[in-house]
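Right, one structure below, let's go through it.
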Amino acid sequence: MSDASPEKNTALMEKIVSLCKRRGFIFQSAEIYGGLNGCWDYGPLGAELKRNLKEYWWRKNVQEREDILGLDGSILTHQAVLKASGHVGGFSDPMCDCLLSNARLRADQIVPQSGTVYWFTGASHAESGWSVERDYGVLAMAGDDESKVRKTARQYYAQFLADKQISPKTLELTGERTEAMTETTRFNPENGSLLTEARAFNLMFQTRMGASSDESDESSIAYLRPETAQSIFVQFKNVLDSSRVKLPFGIAQIGKSFRNEINPRNFTFRSREFEQMEIEFFCRPEDGLRLTDEWLERRLTFYEEIGIPREHLHVLDIPDGERAFYSAKTYDIEYEFPFGIQELEGVAYRTDYDLGVHQKGSGKSMEYFDEETKEKILPHVVEPSAGCDRTVLALICEAFEEETVTDEKGKEEIRTVLRFSPRIAPIKVGIFPLLKNKPELVEKAREIQKILSPFMTVFYDEAAAIGRRYRRQDEVGTPYCVTVDFDTIGENGEELKDTVTLRERDSMKQERIPIAKLREFLLDRIQ
RNA sequence: GCGGGUAUAGCUUAGUGGUAAAGCCCUAGCCUUCCAAGCUAGUUAUGUGGGUUCGAUUCCCACUACCCGCUCCA
């Protein structure tokens, strides 16, 4: 996808989805039962790919740093945590629908209006005897005349007509009365039509804990966490007290989060169950903005290291007024997916908002005592929060390529190849005996499999012609293949004995390498 | 959530109100000395549930899922 265009590319995305299923990267959840909306399962290769991503992230951010510590919090979350964080009250959108156009509107974003409301109780059609009783209203703003209002009402009632041949114009409106209203948000500013009652659509999955939990017992309510961040904030004190760390330091977590998205879309990109890779990096207030910029750079480097080049990433500096209310600075790192430029990760400076609300909510101090300055401070926090599933999808999209190759006879064909970085490729090396009906070759290949498999994911394959086996591995992104031939078993002299052909995925070049050096050679390239 | 579209084998596509076809893939065997070779054999499908009908994969209805647009994404 080196020539990725920002325009939508549905055909490309369909090919990628098809490959993911065919080769066992990603399946639809509960497919044999018709599928579960917005849920996906990772197949054998997808599981390897995702694991490689998570392990590399953990290695770079936890293992190789002494100032970041790991955490693995529970998914089931105490309701008090999410009340304090603002999710119970605020993690919802009041939505209402226009009764006329069915447009969906955010109730809290409707500009209040004033005018005269015309109420009706129903409509009838004298000729056919049809009638409907249903309350409806239209807001007439200054300048609207009555005929326009009645036309809107007739269009509304016409929706209930069984006979679509009847013109809305011939309907009689019943029960008309008027009412003056000021600053109302119950009507669609576009057309004056009455809206449905606002319904809160909370994006959190709620559950009840305990065997005896009954519907009326509010205290049994728990939630599936909508982000991994909260368990980090809630355990901030415990980590601090148990680990003897000093500011600045971070707590990292990889784990599942759940949001009841209204509209899951774009394959695994927006799912209801998803995995996050988050760091909360705590610091002194004066360092927050600087560290936000530093983290942005560090994260961009990370994406380059796993094979997503900087030129396919976009950094969005979210302007004042568009950031979440708690954030003093936010960068979005976006990737050019075939379906558009979409967010992979947010790097947000959350100030002391989170520790502040939990200090208030729990009544427990979240303060940090600085031994040098002898002062107590409430640390600020910088949060690089990456979507794991989104990054896996980006890795697959970035790696996908259909290459035209010409064989010796001049015949052109399409080679589908996933150009994964060796570091994250699900299978590191394919091991083939040149021929499967020669026991010496098979035996030697099995030996090599045994040597390498403790160190990396290997795939042994003896079926079909050697070229086909190479292509199979190309399609799943295996960077190297090793072939055992007659040289290996010493048929062509001592100097070639115990050497194998090493074939590289991208160049399709082959070189001769001693079996004894294979492990080191491969490990050098996949670390 | 609204509107539009789609649903036949692992994939890509035929087709039919009366036994569902092909190519690729896959599996096994033979053969085969490095880039999807050949021969033989084989497995596998009408998304789910109703209705109409003697009979439905085909017609009708509902549901589900996916795709596109809108909406939404603290």
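Quick look at the values:
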{"item": "Protection-proxy order for peptides A:278-289, A:17-28, each taking the mean of Cβ atoms within 10 Å per residue, highest first", "result": "A:278-289, A:17-28"}
{"item": "For A:Ile68, residues with placed amide H under 5 Å, excluding near neighbours", "result": "A:Gly250"}
{"item": "Relative contact order %, chain A, counting alpha carbon pairs below 8 Å whose residues are six or more apart", "result": "13"}
{"item": "Probe 1.4 Å, accessible area per residue of chain A, Å²", "result": "50"}
{"item": "Phi to ³J(HN,Hα) by Karplus 6.51 cos²θ - 1.76 cosθ + 1.60 over region A:465-482, Hz, x for Gly, Pro", "result": "4, 4, x, 5, 5, 4, 5, 4, 6, 4, 5, 10, x, 5, x, 9, 10, 10"}
{"item": "Partners for A:Lys169 among aspartates and glutamates (Cα-Cα distance below 17 Å; same-chain residues under 8 apart left out)", "result": "A:Glu127, A:Asp145, A:Glu146"}
{"item": "GluC sites (Glu not before Pro) restricted to region A:338-396 and DSSP loop, no more than 12 other C-beta within 10 Å", "result": "A:Glu371, A:Glu372"}
{"item": "Burial order of peptide ranges A:357-364, A:334-341 (average beta-carbon count within 10 Å, highest first)", "result": "A:334-341, A:357-364"}
{"item": "Within straight-line cross-link reach of A:Lys376, aspartates and glutamates at Cα separation under 14 Å, skipping those fewer than 8 residues along the same chain", "result": "A:Asp352, A:Glu367"}
{"item": "Whole-Hz couplings from phi, Karplus 6.51/-1.76/1.60, listed for region A:303-317; x for Gly and Pro", "result": "5, 5, 5, 9, x, 10, x, 4, 6, 9, 10, 10, 9, 10, 8"}
{"item": "DSSP beta bridge pairing in chain A, given as percent antiparallel to the nearest 5", "result": "90"}
{"item": "Cα-Cα over 19 Å, subset of A:Lys50/A:Lys237; A:Lys436/A:Lys517; A:Lys237/A:Lys364; A:Lys256/A:Lys360", "result": "A:Lys50/A:Lys237; A:Lys436/A:Lys517; A:Lys256/A:Lys360"}
{"item": "Estimated [θ] at 222 nm from DSSP helical runs (n ≥ 4, -39500 (n - 2.57)) normalised by residues in chain A, nearest 500", "result": "-8000 deg cm²/dmol"}
{"item": "Amide H within-cut-off set for A:Ser257, under 5 Å, with H built and near neighbours excluded", "result": "A:Phe274, A:Glu275, A:Gln276"}
{"item": "Percent accessible area from carbon and sulfur atoms, chain A, protein chains only, probe 1.4 Å", "result": "48"}
{"item": "Inter-centroid distance (Cα atoms) of region A:456-527 relative to region A:431-453, Å", "result": "11"}
{"item": "Tail fraction, Cα-Cα pairs, chain A, threshold 30 Å, whole percent", "result": "64"}
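The values are calculated or read from the model by the stated rules, or taken from the named source; none is laboratory data. It should be emphasised that the depicted structure is a prediction, and the values quoted were computed from it without experimental measurement. Please note: Cβ atoms are built from the backbone with ideal geometry, for glycine as well, and neighbour counts cover all protein chains shown. We work out accessible area using only protein heavy atoms, side chains counted, and drop any ligands, DNA or RNA first. Shrake-Rupley method; radii C 1.70, N 1.55, O 1.52, S 1.80 Å.
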